[in-house]
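Derivation of every value follows stated rules applied to the coordinates shown; laboratory data play no part. Since this is a predicted model, take the numbers as computed values, not measurements. Here Cβ is always computed from backbone atoms with ideal geometry, including for glycine, and neighbour counts include all displayed protein chains.
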Amino acid sequence: MISTPLGAAFDAGRGNRLRPGVVDCLGVRDRPDVDFPLRRSSLGRFAHGCLCPGAIRVRSDERRIFMVPVRSIRETEMKRNVVRPKICMMLGLFLTVAVVGSSTAKGVQHAYPSMAPLSQYLMADRNAEIALARSAAPKAISGDATILVLGPHGYVTAVEGKNGFVCLVDRSWTAQFDFPEFWNPRLRGPMCLNPQAARSILPITFKRTELALAGKSREQIMDGMKAAVAAKQLPPLEPGAMCYMMSKQGYLNDDAGHWMPHLMFYVSRGADWGADVPGSPVMRNPQFHDGVVAVQVLMIPAAKWSDGTPAPAM
């Protein structure tokens, strides 16, 4: 589940102020009760940027989609001083890592409107894909994990593991359905799922992949997932389901690249972890915000990459 951080549309040449004419509040400006601050460093975006539901949408002159915190916009308008952009992560993959708003909203442009040739999503070097999948988690975990690689007809087992963890490289179609890079063939989201997530989250990835490789459109994949849920073809969420997304080699979106190492936790939609509140390290990932599956994805940044090297400060 690719996750994506979003960047803010700021102009360094103008004191980091918002560029004129790029803010489209989509109704949020008129709701003073809505304030979803985006946190951590300024990035670029998975919008694969990250989506905090209800946050403000920003479009640059190049028609790239960004998000900025409501609070930052208010400060800019009221104080006319330097704004420190903050982000909330989307991958998410994958990978881990997201899109801003709904694909049905007026003005939304999808950078990748349809699926590219299948060959662009596959990795010709099987060993390279195995290594990339293992890079999602520390060696103590991924070294004994089952490794999956993507083939023309879906994921297949390349290495049998013995610790219950499953590592793979997520593709773009596992992101939220309104993600502009839903069909971006460059996205690679290395992730290692624990046994609970391997049993209850991985089937979602398998089903989406099956539909994508069958040539289904984005809308048809959503309908297929709704039908699978209605027919109870997907297992219920298991408590404790989580995954590692700590690879330095991942590519979660065109702006953010590998973004930050992080852990993702799959919880019920009603669970409250204090995500996205001031001072909290927990961030929401919009992967399942469409409500097709009753799962909420929460992320916590990690201090190091899976190889032990320090991660950049948020």
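Be a star and scan region 183-210 for residues whose amide nitrogen sits under 18 Å from the point 7 Å along the Cα-to-Cβ vector of ALA124.
185-187
Between ALA131 and GLN233, what is the spin-label point distance in nm, taking each point 7 Å from the Cα along the Cα→C-beta axis?
So the label points at ALA131 and GLN233 sit 3.7 nm apart.
Would you kindly derive the ³J(HN,Hα) couplings of region 296-301 from the backbone phi angles with the Karplus curve 6.51 cos²θ - 1.76 cosθ + 1.60 (θ = phi - 60°), listing them in order in whole Hz, with x for Gly and Pro?
So the J values, rounded to whole Hz, are 10, 10, 10, 10, 10, x.
Order of SER135, SER119 from fewest to most other C-beta atoms within 10 Å? Walk me through the intermediate numbers first.
Values: SER135 24, SER119 9.
If I rank by nearby Cβ atoms, fewest first, I get SER119, SER135.
Whole percent per 10 Å bin, from 0 to the bin with the longest distance: what is P(r) over all C-alpha pairs of region 192-314?
12, 37, 36, 14, 1
Please list, in chain and number order, the residues 5+ apart from ALA241 or on another chain whose amide H is under 5 Å from its amide H, with Hs placed from the backbone.
TYR266
Short version: ³J(HN,Hα) in whole Hz for each residue of region 243-257, in order, from phi by Karplus 6.51 cos²θ - 1.76 cosθ + 1.60 (θ = phi - 60°), x for Gly and Pro, what are they?
Computed from phi, the couplings for region 243-257 are 8, 9, 9, 10, 7, 7, 9, x, 9, 9, 5, 5, 9, 8, x Hz.
Using every pair of alpha-carbon atoms in region 134-235, split the distances into 10 Å bins beginning at 0 and state the percent of pairs per bin, rounded to integers.
Values per bin, smallest distances first: 15, 45, 32, 8.
For ALA158, which sequence-distant residues (separation of 5 or more, or a different chain) have an amide H within less than 5 Å of its own amide H, given hydrogens modelled in the peptide plane?
ILE147, LEU148, VAL149
Please report the net charge: other residues with Cβ closer than 10 Å to the Cβ of ASP307, K and R +1, D and E -1.
Summing Lys/Arg as +1 and Asp/Glu as -1 gives +3.
If amide hydrogens are placed 1.01 Å from N in the peptide plane, which non-local residues have theirs closer than 5 Å to the one on LYS304?
For LYS304, whose amide H was placed from the backbone, the distant partners under 5 Å are ALA311.
Once you charge only the Cβ atoms, +1 for Lys and Arg and -1 for Asp and Glu, what is the size of the charge dipole of region 185-314 about its Cα centre, to the nearest 20 debye?
Computed charge dipole of region 185-314: roughly 280 debye.
Can you pull out the trypsin sites (Lys or Arg not before Pro) in region 110-178 whose DSSP state is coil and whose Cβ has at most 11 other Cβ atoms within 10 Å?
Working: sites: ARG126, ARG134, LYS139, LYS162, ARG171; in loops: LYS162, ARG171.
When the trypsin sites (Lys or Arg not before Pro) of region 110-178 are filtered for loop state and at most 11 Cβ neighbours within 10 Å, LYS162 remain.
Among ASP307, ASP170, rank each residue by its count of other Cβ atoms within 10 Å, from fewest to most, as a rough exposure measure.
Values: ASP307 13, ASP170 33.
By the 10 Å Cβ count, ascending: ASP307, ASP170.
Please arrange THR146, THR174, THR157 by how many other C-beta atoms lie within 10 Å of their C-beta, fewest to most.
Values: THR146 21, THR174 31, THR157 12.
If I rank by nearby Cβ atoms, fewest first, I get THR157, THR146, THR174.
Can you give the net charge of the other residues whose Cβ lies under 15 Å from the Cβ of SER268, counting K and R as +1 and D and E as -1?
Working: positive: ARG269, ARG284; negative: GLU238, ASP272.
Taking every Cβ under 15 Å from that of SER268, the sum is 0.
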